[in-house]
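Taken together, the values in this text are just the output of simple stated rules run on the coordinates, not laboratory data. Predicted, not measured: the structure shown is a model, and the values here were computed from it. Every residue, glycine among them, receives a Cβ derived from its backbone with ideal geometry; neighbour counts consider all protein chains shown.
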Amino acid sequence: MLSLCIIESPSNKEILMEDYLQEALEIVKAQASVRTMTEEEITSMVQKLAAGIKAIAEGDVAESGLPAAVDPQKAIREKSILCCACGKSFKVLTKKHLSTHDMTPEEYREHYGYKKKLPLVCKSLQRERRKKMKEMQLWTKRGKKS
């Protein structure tokens, strides 16, 4: 295993990148045991967490005007939708959650470049709802059954 070491002074601070990675790996391992994650998600999460832990340890403060936490093009997935503002995973992005970011669904769609009518739900749920609506055939008139 690689060990990256930055030494400011022998007696003062010794910061090991390995420590940040170890902490990040433990967090991702716990997350992966709870839900299924792709290899890309795991590596991305480890990198982000290691950088975040390092920034916190070094006292860097994150800017409040950061762009999207998640790429809007990759946010809508098969079994989840990621909030572009905070990166949390949901099946449905609700008004209640968006209000924590002081946004309405319309403002959220506009801010992250989504179409106005795009449903803020995961693909599987959207497909399930579409199938149910087709089965119900609400657009046809009901006739008398003889």
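At 7 Å along the Cα-to-beta-carbon direction for both Lys123 and Lys91, put a label point, then send me their distance in nm to one decimal.
1.8
Tell me, what is the FRET efficiency for Ala55 and Arg142 to the nearest 0.05, using R0 = 41 angstrom and their Cβ-Cβ distance as r?
For Ala55 and Arg142, the calculated efficiency is 0.10.
Would you kindly derive the ³J(HN,Hα) couplings of the stretch 94-101 from the backbone phi angles with the Karplus curve 6.51 cos²θ - 1.76 cosθ + 1.60 (θ = phi - 60°), listing them in order in whole Hz, with x for Gly and Pro?
The phi angles translate into 8, 4, 4, 5, 4, 5, 5, 9 Hz.
Starting from the 7 Å offset along Cα-to-Cβ, what nm value, one decimal, do you get for the label separation of Met37 and Gln22?
1.9
If packing is taken as the average number of other Cβ atoms within 10 Å across a peptide's residues, how do 126-136, 111-121 rank, most packed first?
Working: 126-136: 10.9, 111-121: 13.5.
Going from most to least packed, we get 111-121, 126-136.
Beta carbons within 10 angstrom, averaged per residue: use that to sort the peptides 33-40, 78-85, highest first.
Highest to lowest by the protection proxy: 78-85, 33-40.
Extending each Cα 7 Å along its Cβ direction at Lys74 and Lys115, get the distance between those two points in nm, one decimal.
2.3
Given H placed 1.01 Å from N in the peptide plane, which residues other than close sequence neighbours of Ile76 have an amide H under 5 Å from its amide H?
Result for Ile76 returns Leu82.
Could you tell me the calculated FRET efficiency between Lys131 and Asp102, based on Cβ-Cβ distance and R0 = 25 angstrom, to the nearest 0.05?
Details: r = 35 Å, r/R0 = 1.40.
E between Lys131 and Asp102, to the nearest 0.05, is 0.10.
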